[in-house]
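**Student:** Okay, here's the structure, questions in a sec.
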């Protein structure tokens, strides 16, 4: 297992510490979950950038256009 070291400013550290105390979660668990979510969002962004030109070619400009067509 790898280790990741990050620096937090005092305000972010205090906010995180308060949140973790209220929820009973650990820093590592919280950081892993946050990184997983961020990676999913980044991957979706990559897919969207790749697919957007193809969707536009079919006349789809918004998510609603796609949902309407597929429903």
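Taken together, the values in this text are just the output of simple stated rules run on the coordinates, not laboratory data. Predicted, not measured: the structure shown is a model, and the values here were computed from it.
**Student:** Measure nothing but the geometry: give the 0 to 90° angle between the long axis through the Cα atoms of 10-23 and the longest principal axis through the Cα atoms of the chain, rounded to 10°.
**Tutor:** 90
**Student:** So if I average 1/r over every pair of distinct C-alpha atoms in the chain and take the inverse, what Kirkwood radius in Å does that give?
**Tutor:** About 15.6 Å for the chain.
**Student:** Sum -39500 (n - 2.57) across every DSSP H segment of at least 4 residues in the chain, then divide by the residue count to get the 222 nm mean residue ellipticity, nearest 500.
**Tutor:** It comes out at -25000 deg cm²/dmol, rounded to the nearest 500.
**Student:** With everything on Cα atoms, drop me the angle between helix 27-57 and the longest principal axis of the chain, reported from 0 to 90° to the nearest 10.
**Tutor:** 10
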